[in-house]
């Protein structure tokens, strides 16, 4: 399999993305805790949209994620998908890069609720013979893994059997273990430990 990134590119992209996250997406306050989407309180807060909504960073993050997917699986998956909207930019970025390489990875997006009209689908995308295809789950940040588990359940309902999830950041708040309990292995570019009091 052709390498996606050279070692030099990998180090450069990781360092550049980490620096941008520290400057634009990360806050740490031990006196006034932040309320997370999970409802938990934490002194650490990430808003990765402030990083990946900047197009050069989205391109870097998508390349890094695709590289991690190839390294982990040893091949391309058939699909990449996740819960809207944390997964959306990365899913589309990964799929677009795969097309450039001639390796088609189809994007799938899971709605938070099924449509109440038309096909009433919850999973959007071109799905063919899901049970025989490999899918990876995508998210920007993993905390407890709740969003990714929602995506997992929706993918199982349409016939997929996800085994891997990939994220930019693991906040180390139980997500890795919660996903593992459903048979899903989490791989992340960064963890909270990479940013604490940095």
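Any read-out appearing in this document is the output of simple, stated calculations on the displayed coordinates, not a laboratory observation. From a predicted model like this one, the values you see are computed outputs, not experimental measurements. Neighbour counts run over all protein chains shown; Cβ positions are idealised from the backbone, glycine included.
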Problem - Calculated FRET efficiency for the pair residue 27/residue 194, C-beta based, R₀ 22 Å, to 0.05 - result: 0.90
Handout entry: Considering only segment 85-198, percent of DSSP beta bridges that pair antiparallel, nearest 5
Key = 15 percent
Practice task
Pairs of Cα atoms under 8 Å, at least six residues apart: use those to get the relative contact order of the chain, whole percent.
Solution key: 17 percent
Practice task
Determine the percent antiparallel among the DSSP beta bridges restricted to segment 7-194, to the nearest 5.
Solution key: 25 percent
Handout entry: Relative contact order [Cα under 8 Å, 6+ residues apart], segment 1-98, whole percent
Key = 27 percent
Completion exercise
Dividing the helical contributions, -39500 (n - 2.57) per DSSP H run of n ≥ 4, by the residues of the chain yields a 222 nm value, nearest 500 deg cm²/dmol, of -11500 deg cm²/dmol
Completion exercise
Which of 35, 185, 148 fluctuates most in a GNM of the chain (C-alpha springs under 10 Å)? That residue is 35
Practice task
Report the residue, chosen from 162, 55, 107, that carries the largest GNM mean-square fluctuation when the chain is represented by alpha-carbon nodes joined by springs under 10 Å.
Solution key: 55
Problem - Extension gain from residue 19 to residue 84, taking 0.36 nm per residue of separation minus the Cα-Cα distance - result: 20.8 nm
Fill in the blank from the handout: Hits in segment 171-198: amide N under 12 Å from the 7 Å Cα→Cβ extension of residue 75, namely none
Problem - Choice from 38, 167, 147 with maximal GNM fluctuation in the chain (Cα, 10 Å cutoff) - result: 38
Problem - Centroid-to-centroid separation of segment 72-146 and segment 1-60 [C-alpha atoms, Å] - result: 21 Å
